[in-house]
Amino acid sequence: MPKRDYSLDNPAWGTRRPVIVGFLCNWCSYRAADLAGISRMGYPSTLRDIRIMCTGRLDPTFVIKALREGADGALVMGCHPGQCHYDAGNYKAMRRMALLRRTLAQFGVHPDRIQLAWASAAQGTLFTETVFKMTNAIARLGPLEWHDTIDELVPRAPAMPSAETLVEEASHG
Amino acid sequence: MDEKIGVYVCHCGHNIAGTVDVEGLSKWASTLPDVAVARDYRFMCSSLGQELVEKDIKELGLTRVVVAACSPHMHEPTFRRACERAGLNRYLFEMANIREHASWVHQHSIESATDKAKSLVSGAVRRVKELKPLEPFMVDINPTTLVVGGGIAGINAALEIANAGHAVYLLEREPSIGGHMAQFDKTFPTLDCAACILTPKMFDVGNHPNITLMTYSEVEQVDGYVGNFKVRVRQKARKINTDLCTGCGDCWEKCPAKVVDQVYEAGLGYRTAIYRPFPQAVPKYPVIDMESCIYYQKGTCKACEKFCPTGAIDFEQEDKVLELNVGNIVLATGYELFDPRRISPYGYGRLANVFTSLEFERMLNASGPTGGKVILRDGETQPKSVAIVHCVGSRDKNHNVYCSATCCMAALKFGHLVKERTGAEVYSFYIDIRTSAKNYEEFYHRLLDEGMNFVRGRVAEITDAARQPGEEGKLVVQVEDTLLGKQRRIPVDMVILMGAMEPRRDAVDTAHRFGIGCSEAGFFTEKHPKLDPVATMTDGVFIAGACQGPKDIPDSVGQGAAAAARVLTLIGQGRVEIEPVRANIDEARCSGCRICNNLCPYGAIDFIEEPGVSRVNPALCKGCGTCVAACPSQIITGQHFTFESIMAQIEGVLFDVRAGNGQSHTVEQLPLEPA
Amino acid sequence: MSQSRQYAYYPGCSMRATAHAYDRTARRVSEMLDLSLQEIEDWNCCGATEYMSISALQAYSLVARNLSLAATQNATDLVSPCSACYLNLRKTNDNMKKYPDLNDQVNQALAAGGISYTPGALRVRHLLDVIVEDVGFDAVAALVKQPLKGMKVAPYYGCLIVRPSVDGYDTEYPTHLDKLMQTLGAGVVDFPLKTHCCGGHMTQISEETAFELIRRILHNAADYGADAIVTLCPMCQLNLDAYQPQVNAMFGTRFNIPILFFTQLMGLAFGLTFDEAEIGSEIIPALAALGKIGQESPEQVAPKRRDKKALPMPIP
């Protein structure tokens, strides 16, 4: 077992384990994760990573999708500010993430569940530390269970009437 | 549409199989929807492994392939080629990284590692189904090259390319090429005269039929992509008509305006307003420094014009702005010396006889301000003792953490030359003596034999505040001698500070201008620190020399040649493939909101007035996807990283925790309204 | 005219005794600069330089009492002219904020006296910093009636005001006192020992050590041609001034350099009389040095011709 484990003190977990979806940028953080692997650094298997070319590609709906589909948290990692492979994609990610966290907080999603971090391709250790920190944070917060908590809060929209119905209604208007 | 996906789980010897249940994984993968076949094999990247894939594509009619193995950074190209050989478009392939991201990092538990591998494979399988076939597009390589920076690295790169028969523009900011090496006196470890070995190369550059030398010039803007760069260059006006000038020197001999030469003489000597930087300058033409020229400041004088025998002075000459079309760019912009005023206890600038290493080079140089004599700032006294302080601004948490690689050798060189010319006592204050390259250690031993004194300790203070007799009128070096374990105060006449090699002050700007990355300090970022030190992440732009990191002359020369070789490879190929990972705007659905236009760091999105839509220039787009994420109508396709493929991948990795609604997310495009 | 800026004022024990010149001129000059200094009611000793290393918690609590009393006054800033008092107050304020355990313990101690202090409620400043930052050099220059031209002063900061490095001042080479003296019109001698130790309380513990340190500073200032040393700490002033004769006796030197407080020089430049500027309370008399004000010194005429042989100095 790695020396720094995470503790599942929060009883809400039961037999479940935290699930975190990671969005790693191709040039920096993905390579940092590779380096962590090459260096055989151990970290919790809570992170399930997805590769994108740049954190600038990160559509906020990806994070929402991940949380909806059962993840307890989302970790977005990119190049350090000023070192983005595509010049400034990570700055755009910063803005989007800030807004996303605020918005989701209004839905009851704790902002710590969505994290934005930086690691350069040479920082395997930093990558590992970030995964540990994130896992511990999620472990403390407990499972998200979007469908049982958040979905219930959003009233279901009525079904959209068909185009023919609308046209008919308009002509009788 | 039904796809036939082949999934291949690699054992990678024990690397994966030791921690992940590869057979179980492969069996499990075969149960996933659309998976036609799932196999496991010891070494997928071997020729037998690849043949396995090719065979299945041909015989089973596979339409997609997933290999669960190492990182795509290792073998994505390998397997893409395998697919292509078997007739499957190479972009219909996906890798699941179950080695670096699973087996190697979750060694504590086979169950955890296998579960993680399952989620990654599941993600890859869902994603690969959504991928579309793509074709890379080919671009021609313009065989002309631009080399920016006329120091030893740039000169070498230019000569190599030019000798291979191709045209080169060599651009230099200063009026002459030569760089810092032209300022040095002798070079270590051979003690060759720097000018003697440099000037033949400078001469070659100046006379080479394939090299167009553009000095006193700067790059203003760079557009384009590998093989096709458009570079806007400003050639500053020398105020000399170079067709008429013979380089005779009458003009600068007669010029009455004298200023301190901050560039070439490092602030230690003077020059006139119209000047040639040094006698062996290439090109030989002088330049007028408008800020110190009496004519430009007050409207009088014009002595140079009066005395010029060929009438080559042209006060009205204007800057010229040119556009160069080149295929490749080599950046060899060099370094700048650390300003020791940042370390106030060393007294540089306050205490007269504290010198920087560059000032001291000029002092040693026979054509320098003292004619090669080692003397104090008063211009006449010879020092009887000299202190050389290592690591000024290097290996220092407060300034630069790195080691500047060259200063130990340069310090030894100075020690030798001081002893040779003055017989003075020389003290070196060092942390470690770093003499790692060929014949360097032997040079160090030579200095030990010559009687140079070495004190291991970082200098705390250089002061003229005398405390005891013997210190009056001297500069006192206060240091803890860590070998003796005592504080020492050593009075000397002269101190030389070995400053750090830092990036140019405007290096970050330069990096942005050329579209490459640099570290926070400003050293340009290489593609791979071990295996690719001269390429950058931007195809077609290469780096060489001290601008990539502190290094000595042999390494700079080597890198210059390496960059030239890379350029020649591209020129030799004639055409290169550009990856089709790009953005594509669906113009029929674009509402012309233009949110994407300014987000692109490459200016690759144009707005077309008629019909009022935005359009991506595929040659400039580098595929970052920022515009794709920003489009409020979601009508920009990020090729190979589409919305659908990523959404599918998210569902895939969360296969075991998805809440029971089981529905996939599809983006339904509303039907277009008739115009 | 803007409203006076309010500051809680902690004079410190030496202000009542050997450094009364500093205290009085500080108050006079502050009034002229429109700074209102409200002395804290019933303040106690700050513990000077030793107490912290003898008994940390007691030392912090002792200082925190002053902070607590100051916090009840109508001011956000607490200013002290003495470097040691300043450092103790500042350290206590900053450390209580940084270390919650310390904060708890100190407040426990204060509670025994029925008071408390929330760290960070006050900003702790040195008087020099207040003048340089809050008033500014321009406002000071506007009040200068009698520029101190002709006199060369060596600004001596002492060790405590710049260490640790806070508020952006360079620990090895601060320049704000130099600039202030320049604003008053004085010639400034940039001598390298300006942040070196004056010996502190070593004068009581080991005379040899302390006197050697004092000798170095005096020697260096004299070497650089200073007519007087200006300082901002009562301890430094006392050491350099009161022990100067003994230093001369021990080393056979003949120093005769007056040591003045910067507020005294400010007062003189603003037009105060010698009495109002408390001239005469110093041991090494300052009159001779002050007599140089307004005199043209021959060496001030710079050589017109560039010395042909000398190499140029680096640009500043």
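The values are calculated or read from the model by the stated rules, or taken from the named source; none is laboratory data. As the structure is a prediction and not an experimental result, all values here were calculated from the model. All Cβ positions, glycine included, derive from the backbone under ideal geometry; neighbour counts span all protein chains shown.
For region B:288-301, indicate whether the set of residues that are in the same structural domain as B:Ser217 (by TED's automatic domain parsing) and small (Gly, Ala, Ser) is non-empty.
no
Could you check how many residues of region B:258-272 are surrounded by 21 or more Cβ atoms within 10 Å (Cβ to Cβ) and either β-branched (Val, Ile, Thr) or over 34 Å from the mean Cα position of the chain (by Cα) (or both)?
The total comes to 1.
Please specify each residue of region B:106-162 satisfying the condition of being polar (S, T, N, Q), in contact with a His (Cβ under 8 Å, 6 or more places away or on another chain), surrounded by fewer than 21 Cβ atoms within 10 Å (Cβ to Cβ) and not in a helix (DSSP H, G or I).
Result: B:Thr144, single match.
Taking region B:309-332, which residues are assigned to a strand (DSSP E or B) and either without any contact (Cβ under 8 Å) to a residue 60 or more places away in the chain or among the aliphatic types (A, V, I, L, M) (or both)?
B:Ile313, B:Val321, B:Leu322, B:Leu324, B:Val326, B:Ile329, B:Val330, B:Leu331
Considering only strands (runs of 3 or more DSSP E) fully contained in region A:1-95, which possess at least 2 residues that are within 7 Å of chain B (Cβ to nearest Cβ) and buried (at least 24 other Cβ atoms within 10 Å of the Cβ)?
Counting at least 2 such residues, we get A:47-52.
Which one of these does B:Val231 not meet: (1) farther than 30 Å from B:Glu577 by Cβ; (2) crowded, with 20+ Cβ neighbours inside 10 Å?
Just one mismatch for B:Val231, condition (1).
Filter region B:333-374 down to the residues that are farther than 24 Å from C:Thr171 by Cα and part of a loop (DSSP other than H, G, I, E, B) and list them by number.
Answer for region B:333-374, where residues must be farther than 24 Å from C:Thr171 by Cα and part of a loop (DSSP other than H, G, I, E, B): B:Thr333, B:Gly334, B:Asn365, B:Ala366, B:Ser367, B:Gly368, B:Pro369, B:Thr370, B:Gly371, B:Gly372, B:Lys373, B:Val374.
Can you tell me how many residues in region B:372-406 are in contact with an Asp or Glu (Cβ under 9 Å, 6 or more places away or on another chain), among the basic types (Lys, Arg) and crowded, with 16+ Cβ neighbours inside 10 Å?
Number satisfying all stated conditions: 1.
Given C:Leu67, C:Leu89, C:Leu62, which one is in contact with a Gly (Cβ under 6 Å, 6 or more places away or on another chain), aliphatic (A, V, I, L, M) and closer than 22 Å to C:Thr118 by Cα?
Just one listed residue meets the conditions, C:Leu62.
Given the structure, is B:Ala82 within 14 Å of chain A (Cβ to nearest Cβ) and surrounded by 24 or more Cβ atoms within 10 Å (Cβ to Cβ)?
no
Determine whether C:Ser14 is under 18 Å from the mean Cα position of the chain (by Cα), over 30 Å from C:Ala109 (Cβ atoms) and not assigned by TED's automatic domain parsing to the domain that holds C:Glu282.
no
Those residues that are over 29 Å from A:Arg16 (Cα atoms) and among the small types (Gly, Ala, Ser), I need them from region A:40-90; list them, please.
Within region A:40-90, A:Gly56, A:Gly82, A:Ala88, A:Gly89 qualify.
Counting only residues that are hydroxyl-bearing (Ser, Thr, Tyr) and free of Cβ contacts under 8 Å to residues at least 40 places away in the same chain, how many does region C:176-232 have?
Counting residues in region C:176-232 that are hydroxyl-bearing (Ser, Thr, Tyr) and free of Cβ contacts under 8 Å to residues at least 40 places away in the same chain gives 3.
For region B:251-287, give me the residue count where each residue is outside any helix (DSSP H, G or I), acidic (Asp, Glu) and away from chain C (no Cβ under 14 Å).
0
Quick one: which residue in C:Leu240, C:Leu193, C:Leu213 is out of contact with any helix residue (DSSP H, G or I) (no Cβ under 7 Å at 6 or more places or on another chain) and either under 25 Å from C:Asp170 (Cα atoms) or among the small types (Gly, Ala, Ser) (or both)?
The conditions single out C:Leu213.
I'm checking my understanding of the structure. Among residues of region B:611-659 that are more than 9 Å from chain A (Cβ to nearest Cβ) and among the β-branched types (Val, Ile, Thr), which one is farthest from B:Cys600 (Cα to Cα)?
Selected residue: B:Thr642.
Need the failing condition index for B:Val354 against (1) in contact with a helix residue (DSSP H, G or I) (Cβ under 6 Å, 6 or more places away or on another chain); (2) within 14 Å of chain C (Cβ to nearest Cβ), just the number.
Against the list (1) in contact with a helix residue (DSSP H, G or I) (Cβ under 6 Å, 6 or more places away or on another chain); (2) within 14 Å of chain C (Cβ to nearest Cβ), B:Val354 comes up short only on (1).
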